[in-house]
Each structure stands twice: as C-alpha cells, then as structure tokens.
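Structure first, then comments.
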Amino acid sequence: MGRTYGYLAEFSNPGTLYRACERVRDAGYRDWDSFTPFPVHGIEKAMGFSWSKVPWISLVFGLSGAAAAFAGQVWVSTVASPLVISAKPLLSWQAYIPVTFEVGVLATAIGTLLGMFILNGLPRLNHPLFTSTAFERCSDDAFFIGIEATDAKFDAEATKAFLEEIGATHIEMVEE
C-alpha cells in the first residue's frame, strides 16, 4: 500500500453534505474539499472560502502589460527611432491607446490563466481519490467530503469518528 491520502466520506444528500461542511469548517480542518454531482447553492460559504486572489493577479498582469506596451511605444517613438510625421509631436500618445489596450487585455488573460493554474495546483494528471470505486459515483448521485492526511488536525481515529458523528454514511481511507 502507498502513503495515506486521507478519508473520503459519503453523505446521503446535499443538505447533510452542507451541514457536514459547516461542521468540518468549524472543527478547524484546512486541507479538505467537498465533491458533488451538481452545484450546491452556498457550499462555498459552508466551506469557509474567502475571496479569490485571481482577480488581483489578473489586475496586476493587465496593468503591467498595458504599462509595458505604452512604455515600449513611447521609447520607440521618442528614443529609438524619433521621426516627426505630419508635423505631429514625437510623443503622440493617442495613437498608442489601441495597442496599449490590446496588450493589457492579453496580459490580463494570461495572468488569469496562470493564477488559476497555480492557485489550484494544476496541472495534476491524477488525483488519489480516483482510485476509490465509491468516488466514481461523485459525478452521478453521491456527495463526498475528502479530508487530507496533510491537514494539521488530521488523526486517523479521531477524524474517522468525527466523520461518523457528522452523518457520513460510508467512510473510506484512501491511499496514494
């Protein structure tokens, strides 16, 4: 057998899963997740999610990209190749706006993608929960909570007893 990944607990319906998520959150677990076959309204609140950092990463990338594009155009037209065209000033910033905008949008998209990948720990080609035959029902009709063994509060016996206490119908130890 491999290293212990953690416990996978099955719950009978979305309501019991929601209440179980609140209890797991209140118990102080940090390395855990819930798995459902369809979106459960408010589950992120029950799990104690905070605001995502992705919008801030996107903002920084977008503003940095736009600033770099604008600065690059200013440098080219005033320092690298100063040409007076149609008696316009060297720094004719109005002409730089379309490129600045487009590079800003591109940088925002790249920042959003990278931020999402990094914060979600992707790409992950295989997850230990995929070895569980019970977990196959997650995309059909089952509701699960997975508590990872890397959690500071994780104790094999105490965590199993806790999951039984909060209403789990089936609990399985998952190995990596």
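Structure data summary
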quantity	calculated
Residue selected from the stretch 150-176 under the condition surrounded by fewer than 19 Cβ atoms within 10 Å (Cβ to Cβ) and of a type in the set (Gly, Ala, Ser), by the criterion farthest from residue 11 (Cα to Cα)	152
Members of the stretch 19-78 found to be under 17 Å from the mean Cα position of the chain (by Cα), buried (at least 19 other Cβ atoms within 10 Å of the Cβ) and not in a helix (DSSP H, G or I), listed by number	32, 34
Among (1) outside any helix (DSSP H, G or I); (2) among the hydroxyl-bearing types (Ser, Thr, Tyr); (3) at pLDDT 95 or above, the one test that residue 86 misses	(3)
Identity of the residue in the stretch 4-18, touching a helix residue (DSSP H, G or I) at 6+ places or on another chain (Cβ under 9 Å) and not in a strand (DSSP E or B), that ends up farthest from residue 161 (Cα to Cα)	14
Pairs with Cβ under 6 Å, 6+ apart, first in the stretch 50-61 and within 13 Å of residue 117 (Cα to Cα), second in a loop (DSSP other than H, G, I, E, B) and charged (D, E, K, R)	none
Any hit, the stretch 29-48, residues being basic (Lys, Arg), more than 21 Å from residue 138 (Cα to Cα) and not assigned by TED's automatic domain parsing to the domain that holds residue 141	no
Residue identified as modelled with pLDDT of 95 or more, outside any loop (DSSP other than H, G, I, E, B), under 12 Å from residue 8 (Cα atoms) and not acidic (Asp, Glu) among 97, 110, 145	145
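The values are calculated or read from the model by the stated rules, or taken from the named source; none is laboratory data. Because the structure is predicted, anything quoted here is derived from the model rather than measured. Methodologically, a virtual Cβ is constructed for each residue, glycine included, from the backbone with ideal geometry; neighbour enumeration extends over all protein chains shown.
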